[in-house]
1. Can you confirm whether B:Thr40 is more than 7 Å from every other protein chain (Cβ to nearest Cβ), under 31 Å from the mean Cα position of the chain (by Cα) and of a type in the set (Ser, Thr, Tyr)?
2. Quickly run through the stretch A:8-22 and pick out the residues that are closer than 21 Å to B:Gly56 by Cα and either facing another protein chain (nearest Cβ under 8 Å) or modelled with pLDDT under 80 (or both).
3. Are any of the residues in the stretch B:316-334 surrounded by fewer than 17 Cβ atoms within 10 Å (Cβ to Cβ), under 17 Å from B:Leu294 (Cα atoms) and of a type in the set (D, E, K, R)?
4. When you go through C:Ser68, C:Ser59 one by one, which is the residue that is touching a Pro at 6+ places or on another chain (Cβ under 8 Å) and among the polar types (S, T, N, Q)?
5. Name every residue in the stretch C:339-360 that is closer than 18 Å to C:Leu372 by Cα and outside any loop (DSSP other than H, G, I, E, B), in order of residue number.
6. Which residues, counting only those in the stretch C:291-314, are touching a helix residue (DSSP H, G or I) at 6+ places or on another chain (Cβ under 6 Å) and farther than 16 Å from C:Asp250 by Cα?
7. Please list, ordered by residue number, the helices (runs of 4 or more DSSP H) wholly in the stretch B:548-631 having 3 or more residues that are in the same structural domain as B:Gly94 (by TED's automatic domain parsing).
8. Which count do you get for residues in the stretch B:604-628 that are under 29 Å from B:Val542 (Cβ atoms) and in contact with a strand residue (DSSP E or B) (Cβ under 9 Å, 6 or more places away or on another chain)?
Amino acid sequence: MFGPLNVKPAESKGDKTGSWRTQVRPHYLHKDCIACRMCLLICPEGCVHGKEKNAFWADYNFCKGCGVCADICPKKDIAMVAEESKGEDK
Amino acid sequence: MENSPLFKSGHTACAGCGQAIAARLVVEASGANTIIANNTGCLEVFSTKYPETAWGVPWIHSLFENSAAVASGIEAALIYLGKKDTINVIAQGGDGSTADIGLQALSGMLERGHDILYVCYDNEAYMNCLSLDSLVMTKDGLKKITEIKIGDGIYAFDQNTHQLVIKECSGVLDNGLKEVFELKTLHHSIKATANHPFLILKRNGRGKQNTFVWKTLEEIKIGDRVVTLKGMNGDCRPFKFQEIKKAEKGDYKVNNINAINLPRESNPGIMKYLGIFIGDGWRRKGRGEIGFALPAGKKARNILTGLHEKIFGSKVTSDEQYVYANSVNLASFIDTLELGQGAKHKTIPAWVFMLPQEQKEAFVEGLMLADGYDRGTSKRYVSANLDLLKRLRLLLQTLDYRVGKIHIQVKKKGTICVRRALLKDSEYGYICFSKREKWNTEKYPSQYRYQDFLIDNKFFRTEEVTSVESKGVEPTLDLRVEGEHNFIADGIVVHNTGVQRSGLTPFDTNTTTSPSGARSSGNIRPKKPMPEICLAHGIPYVACASAGFPQDLTRKVKKAISIKGPKYIQVHVPCPLGWRHETNQMLPVAKLAVETGLYPLFEYENGVLTGRKQITPKPVEEYLKTQGRFKHLLNNPEEIKKIQEIADNNIKKYNLRLEV
Amino acid sequence: MREFIEGSHAIAQIIKACQPGVISAYPITPQTHIVEDLAQLVANGELKAQFVNVESEHSAASVVLGGSATGVRVYTATSSQGLFYMQEVVFNIAGMRLPVVMTCANRAISAPINIWNDQQDSISLRDAGWVQIYAEDNQEAVDFHLIAYRLAEDKRVMLPVMVCMDGFILTHGMETVDMPEQEKVNKFLPNYKPLYKLDPAEPISMGLLADPDYYMETRFAIQETLKASLGYLSEISQEFNAVFGRDYKDLLIEEYQTKDADKVIVAMGSVCGTIKEAVDQQRAKGKKVGLLRIITYRPFPYARVYEALKDVPRVAVLDKAVSLGAYAPIAVEMKAAFYGKKKGPKVISSFVGGLGGRDITLESIDEIFRRLTAKEVNSDFIDLKPELLKEEYGK
């Protein structure tokens, strides 16, 4: 039956909202990380992953480049870098 | 908390959306054994656009105002099924659907004592849109905003290069009935809601490069310069006519063929011909009749006759009043051009807008031959068809003409018009236009550049805003455009989004429906005291939280779900778009609201104040100056004083001051 | 078991037998007795259901929406303004394909406020995507609720059903009703097994935003399902007959003395009792008249109506509702049923009567037969008081 438009979460892949980034993206420096997990907690997309110190990363498929993780990081271990500068990120 | 699947990536909230953060924290804190009922609103739209869903828990949306009631039904069903003890039920919505239209259902839910947590995501307004009669410039020419579909190529202003670019339309949003205002410049006008952003020239002072900023309609002052479209030359090409199946003698009902040649693509001659047709022509396709009301002696008659022979290789017949170019094939050909039928419904089709300059000018010449006249150096075109006038005005603007507004006049009943007395009063309009003189930019470069920052730009210019006035309530639409997030509507560059006052909009906030102006400094009422209203229902838990304090929010949600009965949490969630701050400023803005005392974070358990976030209060200006929605207040110490009083009262009431 | 019972009590009893898990309603005359009784049954512990006392009809409908989405059989009842207030949710329930069953105690619409019977309320919601079944007497009203749940919860259907019964005339009328026994109800109506539900064990999202790429198909699906429901209804009624020993043909229409008739009245609801009596009287005088009763108004049984009346020369449609400024609602359907067809009545005249509780008497029916001449009339009001119409405001 078509009509109820019910969707199982497992079947939804979501939009690849990473394409929305126009200027900057977060670059996880992996220097002073203390694994406080604030970046993971605050990300509006829920696209930050990681458990151990200096091992957190943002999924650029979804990251919209809002910069809130860089703002909340107590150790300033996340830098917002220009979208063009490829190569050094994960 | 691992990136658990309860609220997944891939939703379409704006970057830096406070509501997305809070919603994720709430569901994560509540856990997988949760059922959520959601009101209509940003959160619902950005998290569940079929066939995608961001929700890893069972989730339901029904209407704008009934999540509290739907959740009541869910809770009742869970009790019936004997499952209530293991499943949390959350009802949630924005501030409008909680404090305004949904207040009744919420009150019912609280009063009946359901074991439900209600979460209000308070972004302090309804978010926004253009009037339905706006005409949008697309890859295929000019289209009504109602005709735009997802995937259409839409012309947009590239904010880095200042060039005309084509971007894909990724969303058409119906925004319902809204009050709309008309913004006018000397040569353009557009209807939009007050919170609709336009691109405005920002002068950065002597010796500095000028830049562009987005300003909402309500922020625009008379004299500001908006970016408008002046030409399309770059991408223009002749229009390839659709091939028609030519009728032949002997076909059904065809006894007599008036053989003609049909052109393959548009050229100046045929465009002039069609211009005359729009003014004075008619067609009856079934009969193969094409006629022109051109009395003998009118200048256009000879020109038309000549054009007809040249283009179609055929002769016209004529009498005292009319010229006939009867031909079955010509009628079918004209039928494919989408010129419309009848004097009131003829129109300038979309493809004309994409023609090369000379063809467009020939078309205008044809129109003028039929229904125009010269008045000094300016030309005047008259028609009773207002849509035609509106489209002609935009066409002339793409030719870089100076075009006046559409003047409307009424011919009284009985006036003789085309040899007949009018049976009733009849409305007609006219527009005046003239060719723009080229400025001598070589001689006076800086002066002209000061007047028109985009003077060397082929596609855009800036024009001074001459008036903004209310036009009443109309249905509105908005488009989402990938990449540039702007499009060209009615010849003006506009941003693809929009904020209306709700019951939780703070005092003096500038929103669409509570605009600031000479006699108002925005919303005249303070926020509706929702936490107090909920408390008055005698419920066991009421709290205020903020997206700026994620751990505090998580803790409050966990505490709430551990308590049986109705609970209310109101979360302050910054909206970068509506509040007008940078996306990465979400945290500072949210925190300042708390630290100034304007958004006190407190907890009531069983009616007793049991928790509060203490602060060393900062002056409210620090908060106000972070956001565009309060910008009008910054030079207004009296109003700031009133807002400071609100903060001071909060600080006193909830004993927020941190004692040193 | 045969009982002499008030309509509303009978409905409450049959709902009890259907064992819904969530009941929610807001009181409105003439629906009140139904929900009062249900509240009492829940209070007595005779009915194990959650009875949610809401603050409005809008919330009543929203509560049953939430309950149904959680996978539980639900029930609500309303009338008139209450139905209008829940209209937003009524459309929503159908769009979300939830098998809600509702009783509409038909009542006139304000202004002027009037608590008496006509069918304007439910007829005005005909486009909502609900099945609408109209009862002639309380026996039918009782039986139709069982059929309503069967149809709504049928996996091929999954659409809400509204059982419409004339306010006061049926809801407050005492009649002898054969109340279905619980075992038979259990046999005919097994426990509800939802096709989809809100359950943390298998999470789903319901009620998503559909953009222009998807919206039309959702409407088309409901349209097709409703059309197919005409067949399911006759199927289910045969099963019903087998269990309860009744004699429903297909629950779409009832033909009463139409076979050789020259004149037939088409009507819906309790007024058909009066019309049957008038028909009997006229038949006794040798006049060939008949009645065609519409039972299922949505989906509308065009084909059955065509077959039943294709050889009848004159048809009068009696509407107890009016589409102000247009042809009356049932009359429109009747004309549509014969348009462009080879056979059909020469005359389809339309009459409006019984608005706001005005009695439709045997004389009214005779009057309709008299006015059903070769000259077709449209939305001709019967039983008007001409003396009232002479009064001019402000004089």
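The values are calculated or read from the model by the stated rules, or taken from the named source; none is laboratory data. Because the structure is a prediction, the values reported are computed rather than measured. Here the Cβ is made from the backbone with ideal geometry for all residues, glycine too, and neighbour counts use every protein chain on show.
1. So B:Thr40 fits the description; yes.
2. Result: A:Lys8, A:Pro9, A:Glu11, A:Ser12, A:Lys13, A:Gly14, A:Asp15, A:Lys16, A:Thr17.
3. yes
4. That would be C:Ser68, the only listed residue that is touching a Pro at 6+ places or on another chain (Cβ under 8 Å) and among the polar types (S, T, N, Q).
5. If the condition is that a residue be closer than 18 Å to C:Leu372 by Cα and outside any loop (DSSP other than H, G, I, E, B), then C:Val347, C:Ile348, C:Ser349, C:Ser350, C:Phe351, C:Val352 are the ones that fit.
6. Within the stretch C:291-314, C:Leu291 is the sole residue that qualifies.
7. B:550-562, B:586-595
8. Adding up the residues that qualify gives 13.
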